[in-house]
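Derivation of every value follows stated rules applied to the coordinates shown; laboratory data play no part. Please read these numbers as outputs of a predicted model, since none were measured by experiment. We place every Cβ from the backbone using ideal geometry, glycine too, and count neighbours over all the protein chains shown.
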Amino acid sequence: RDQLIQVFLNLVKNASEAVPDEGGEIILSTGYQHGVRLALPGGNEAKRHLPLVVSIQDNGPGIPDDLRPNLFDAFVTTKTTGTGLGLALVAKIVGDHGGVIEFDSQPRRTVFRVLLPMVQDGESKESE
């Protein structure tokens, strides 16, 4: 649980650093996508049910095109004081929890979506 809190804190922090000083806007939303299944990379043909969605949207300048393919790699950053580890850690934590992170970015609208599975009653939870 603490790791997922860290994921959302990192994403909101990034959004807050991206928005303009005046007129900056961050929108957080949650949703449940009943019946949506995704085929995940990695050779496994089985589709994964990831019904829980948390989105963080901002009206910053957008992510530069040249960074997009490697955005979740370590040491990729646009910040002069950044380490480039935040999104790499976010992606690892989301993956460790059986989820997926994706983004869509254009000028004045970037959205990060975290898609997660539900834990069913009786399933074991990893230690928090």
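One table, with the values for the structure above:
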item: Neighbour-count order for Leu38, Leu11, fewest beta carbons within 10 angstrom listed first; result: Leu38, Leu11
item: Viscosity 1.567 mPa s, 4 °C: Kirkwood-radius Stokes-Einstein D of the chain over Cα pairs, µm²/s; result: 82
item: Separation in nanometres of the label points that stand 7 Å from Cα toward Cβ, at Asp96 and Leu67; result: 2.4
item: Computed lengthening from Arg109 to Glu22, 0.36 nm per intervening residue step minus Cα-Cα distance; result: 29.8 nm
item: Net charge of Cβ neighbours under 14 Å - reference Leu85; Lys, Arg +1; Asp, Glu -1; result: +2
item: Rounded to 10°, Cα long-axis angle of helix 2-18 versus longest principal axis of the chain; result: 20
item: Gain on full stretching of the segment that runs from Val119 to Ala74 - 0.36 nm per residue minus C-alpha separation; result: 13.3 nm
item: Cut-off 15 Å, label 7 Å out along Cα→Cβ of Arg48, residues of region 81-110 by amide N; result: 90-103
item: Label-point gap, in nm, between Gln33 and Arg1 - each point 7 angstrom along Cα→Cβ; result: 2.6
item: C-alpha long axis of helix 86-96 to longest principal axis of the chain, angle in °; result: 10
item: Helical contribution to [θ] at 222 nm, DSSP H n ≥ 4, -39,500 (n - 2.57), averaged over the chain, rounded to 500; result: -7000 deg cm²/dmol
